[in-house]
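K.L.:
Have a look at this one.
The values are calculated or read from the model by the stated rules, or taken from the named source; none is laboratory data. What you see is a predicted model; the values in this text were computed from it and never measured. Note: ideal-geometry Cβ built from the backbone for every residue, glycine included; neighbour counts use all protein chains shown. Keep in mind that these areas ignore ligands, DNA and RNA; they rest on the heavy atoms of the full protein, side chains included. Shrake-Rupley method; radii C 1.70, N 1.55, O 1.52, S 1.80 Å.
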Amino acid sequence: MAPHNIDEWAALFTIMSIAIGGLIGLVNIWVIRPLKDMMSNLSDKFGTLNETLKIMQKDVDSISDQVQKHEKDIYGLQIKVENIEVE
């Protein structure tokens, strides 16, 4: 039966507002809040991963510098060996 006067419409509006508000509150508690927590946790893990990658990049750069130095040393030794062989 449809409401006929303003009081019945106001009561229906109030009940519907409370029901919708409660439903939104439950969705917030059951869905939104856990998703926010998971996203925050994931963001923290990406931050940690980024720091680890920076450390690894420093190690790779150091190793690369050492390899370049060794390549120069080997090249210098090859030149010395060739000079000795020529003599």
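K.L.:
Can you spot the lysines whose alpha carbon is less than 24 Å from K69's alpha carbon? Ignore those fewer than 8 places along the same chain.
P.N.:
Qualifying lysines at Cα under 24 Å: K54, K58, K80.
K.L.:
Oh, and also: Compute from the Cα atoms of the chain the Rg and the Dmax, the latter being the longest Cα-Cα distance, and quote both in angstrom.
P.N.:
36.0, 118
K.L.:
So with the 1.4 Å probe, I'd like the accessible area per residue for the chain, rounded to whole Å².
P.N.:
Ligands and nucleic acids excluded, the figure is 94 Å² per residue.
K.L.:
Can you compute the helix-only [θ] at 222 nm over the chain? Use -39500 (n - 2.57) per DSSP H run of at least 4 residues, normalise by all residues, nearest 500 deg cm²/dmol.
P.N.:
So the calculated ellipticity at 222 nm is -32000 deg cm²/dmol.
K.L.:
Now, a different point. In nm, to one decimal, how far is the modelled label at L26 from the one at S64, with both set 7 Å along Cα→Cβ?
P.N.:
Distance between label points: 5.7 nm.
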